[in-house]
Amino acid sequence: MSGISDMEAHLRPLMLKSLDGDAAAYRTLLEAVRRHLKLYYSRRLTPALAANGDDLVQETLMALHTRRMTYDRSQPFTAWLHAIARYKLIDH
C-alpha cells in the first residue's frame, strides 16, 4: 500500500467489521495499525526520542481500543486514527 487512500481502503472495512463484532477482523486491524503506527512515529520522533516509539504505538492502540465506539462510520478511518496518534505524540 503506497498511500493514504490505499491504507484507508484496507483499514476502514476492517474497522467496520470489527465494530460489528468480527474478532478476526479486529485482530487483523490491530496488527495492520501497529505496523503503520511504528512507521508513523519513527518519521516524527527525533533520534533521541526514538526509543519511545513502541510506547506511543501501545498507547495509541489502547486509545483506539477504548474509543473505538466513538468512530463515526461515515468518516475516513485513517483521519480518525491519525488524530489519535497526533494527540498521543503531542501528549508525549
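Computed quantities for the displayed model
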item	result
Residue tally, condition assigned to a helix (DSSP H, G or I) and surrounded by fewer than 17 Cβ atoms within 10 Å (Cβ to Cβ), over segment 29-45	10
Residues that are closer than 14 Å to residue 33 by Cα and of a type outside the set (Val, Ile, Thr), drawn from segment 56-78	56, 58, 59, 61, 62, 63, 64, 65, 68, 77
Complete set of residues in segment 46-65 that are open to solvent by 80 Å² or more (accessible area, probe 1.4 Å) and at pLDDT 80 or above	54, 55, 58, 62, 65
Candidate set: segment 66-92, residues that are more than 13 Å from the chain's Cα centre (by Cα) and either farther than 19 Å from residue 9 by Cα or without any contact (Cβ under 8 Å) to a residue 40 or more places away in the chain (or both); chosen: the one surrounded by the most Cβ atoms within 10 Å (Cβ to Cβ)	92
Output for segment 1-12, where each listed residue is loosely packed, with under 15 Cβ neighbours inside 10 Å and in a helix (DSSP H, G or I)	4, 5, 6, 9
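The values are calculated or read from the model by the stated rules, or taken from the named source; none is laboratory data. Quick caveat, the model's predicted, so the values are computed rather than measured. Ideal geometry is used to build each Cβ from the backbone, glycine not excepted, and the neighbour counts take in all protein chains shown. Remember, those area values only see protein heavy atoms, side chains included, never the ligands or the DNA or RNA. Shrake-Rupley method; radii C 1.70, N 1.55, O 1.52, S 1.80 Å.
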